[in-house]
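**Q** Take this structure first; my questions come after.
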Amino acid sequence: MDKQEREQYVADLIRLNTVGGHEDRVAHFLKAAFDARGIYNQVLPVENGRSNFYAEIGTGEIDKVVALEGHEDVVALGNPAAWDHEPLGAEIKDGKMYGRGTTDMKGGLAAECIAMFELADRAEPVRGKVKLLVTVAEESSPQNHMQGAQAFTKAGYLADVDAMILAEPSFGQLNCANKGSLTYAVTSKGKAAHSSMPQLGFNAIEPLMTFYQAQQAFFATLGAENPHLGKTVPVVTKIEGGQQLNSVPSTAALYMKVRTIPEEPNLMILDHLQELIDRINRQEGAQLALELLGQKVPVVIDPHGEFNQILHQVAEEVFDQSIKICGSAAGTDASEMIKGNPDMTIAVFGPGNRTAHQVDEYMLLSTFHKDIEVYKQAILTYFG
């Protein structure tokens, strides 16, 4: 594909509105393109309106398998009036393509697809196997998200993979690790009463505030630091409680997102939080309950493995600059897929930048074109 064809392909992808729940639009868009080139592919339903996409190329002459991975969904557009560029317009200005998903991560997904198209078009067949794994619900399910990655993992698509590239935004770096996460709610039940007679009720907010202070004190004691991922990071993301201003609240809830590292495992944190809740319930007569909404394991991969070394070297050659190897604070589908094959090498390397999820999200087209070359050259070098 020439430069114009590549940019038209990613623009068409950006213009599809696939805010979570409408990923089938991407799956069928991809299928049409792969069908037109005679490349084996499948649309794999996961939920209503949400289908994974799978494709593969290569003769399998060499017993090596590389997977390219990306997700179809994007986060909400936000207020379109706040954008200087049409959120789904794929407008190009000063070498940048603007639009929701350009960075996270339709730009990376398009780069992976185009790399496969161009590898398939080579006169000499690809001697190993290249898989494309495209998922739903990475961004957009409120609780235990990454259902697309879970479906691929459960069905065994990762079992024979030696190395996988996730084209998530990597900010010009090669990421060999990503944090895990805990998503949970702590709910509080009380008893409603008129605010002039609070002694007749039980204020659900008060023990929740006690818990908040106790958990913050606990998180302050966590001092471990992973060399690639840094420290555990807890964030209160939502608080709700009460029904009206003249009533003692009978319900309240606190929602948390904690980005985790291997040195401070998810289970250890959950056990300690439960201990805090049990203590507050005993001491204050409260009815606090911990509800786990989702958890993902942290992923840390040796950056010195064969494939990652090749990928790193090729990236430095194509970009003609030093490429830093590090980790990502954000989660990726790798947290689910690693369960299907703990021995595979994983790298996050994509054309996105720090405008992910922001107004006027954009992708540098120069980076997009270079990443396509990196994917192709790294795969061919790995296959020898």
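The values are calculated or read from the model by the stated rules, or taken from the named source; none is laboratory data. Everything numeric in this text was worked out from a predicted model, so none of it was measured. As a convention, Cβ positions derive from the backbone with ideal geometry for all residues, glycine included, and neighbour counts pool all protein chains shown. Only protein heavy atoms, including side chains, enter the accessible area calculation; ligands, DNA and RNA are left aside. Shrake-Rupley method; radii C 1.70, N 1.55, O 1.52, S 1.80 Å.
**Q** Taking all pairs of distinct Cα atoms, average 1/r, flip it, and tell me the Kirkwood hydrodynamic radius of the stretch 253-345 in Å to one decimal place.
**A** 16.7 Å
**Q** So, with +1 on the Cβ of K and R and -1 on the Cβ of D and E, and no other charges, what is the size of the charge dipole of the stretch 38-190 about its Cα centre, to the nearest 20 debye?
**A** Details: 13 positive and 21 negative charges, 87 e Å.
Its charge dipole is roughly 420 debye.
**Q** Okay, moving on. Keeping all protein chains in the complex and leaving out DNA, RNA and ligands, what accessible area do you get for Lys31 with a 1.4 Å probe, in Å² to the nearest 10?
**A** My reading of the accessible area for Lys31 is about 60 Å².
**Q** If you keep only loop residues by DSSP, which GluC sites (Glu not before Pro) in the stretch 15-63 have at most 13 other Cβ atoms within 10 Å of their Cβ? Numbers along the way, then the final one.
**A** Working: sites: Glu23, Glu47, Glu56, Glu61; in loops: Glu23, Glu61.
Here the sparse-neighbourhood loop sites are Glu61.
**Q** Also, quick follow-up: Treating the Cα atoms of the stretch 1-158 as identical point scatterers in vacuum, please give the log10 of the normalised Debye intensity I(q)/I(0) at q = 0.08, 0.10, 0.21 Å⁻¹, two decimals.
**A** Normalising to I(0) and taking log10 leaves -0.24, -0.37, -1.37.
**Q** Please list the radius of gyration and Dmax for the stretch 1-86, considering alpha-carbon atoms only, with Å as the unit.
**A** 15.6, 53
**Q** Using only Cα atoms and rounding to the nearest 10 degrees, what angle (0 to 90) does helix 205-220 make with the longest principal axis of the chain?
**A** 50 degrees
**Q** Per residue and in Å³, how big is the convex hull formed by the alpha-carbon atoms of the stretch 79-171? Numbers along the way, then the final one.
**A** Working: hull volume 13.6 nm³, N = 93.
Taking the convex hull of the Cα positions in the stretch 79-171, it is 146 Å³ per residue.
**Q** Another question, then. At 37 °C and 0.692 mPa s, what whole-number value in µm²/s does Stokes-Einstein give for the translational diffusion of the stretch 203-282, with Rh from the Kirkwood sum over Cα pairs? Let's see the in-between values first.
**A** Working: Rh = 14.1 Å.
In µm²/s, the coefficient rounds to 233.
**Q** Less than 14 Å Cβ to Cβ from Arg259, Lys/Arg counted +1 and Asp/Glu -1: what total charge do the surrounding residues give? All intermediate terms of the calculation are to be shown ahead of the outcome.
**A** Numbers: positive: Lys179, Lys231, Lys257, Lys296; negative: Glu225, Glu263, Glu264.
The answer is +1.
**Q** Another question about this same structure. What do you get when you divide the Cα radius of gyration of the stretch 326-384 by 2.2 N^0.38 Å, with N the number of residues?
**A** Values: Rg = 14.3 Å, N = 59, 2.2 N^0.38 = 10.4 Å.
Expressed relative to 2.2 N^0.38 Å, the Cα Rg reads 1.38.
**Q** In whole angstrom, and with the biggest value first, how far do the Cα coordinates of the chain range along each principal axis?
**A** 82, 43, 38
**Q** At q = 0.13 Å⁻¹, what is the base-10 log of I(q)/I(0) for the stretch 53-115 according to the Debye formula with one equal point scatterer per Cα and no solvent? Please give it to two decimals.
**A** Taking Cα atoms of the stretch 53-115 as identical point scatterers yields -0.49.
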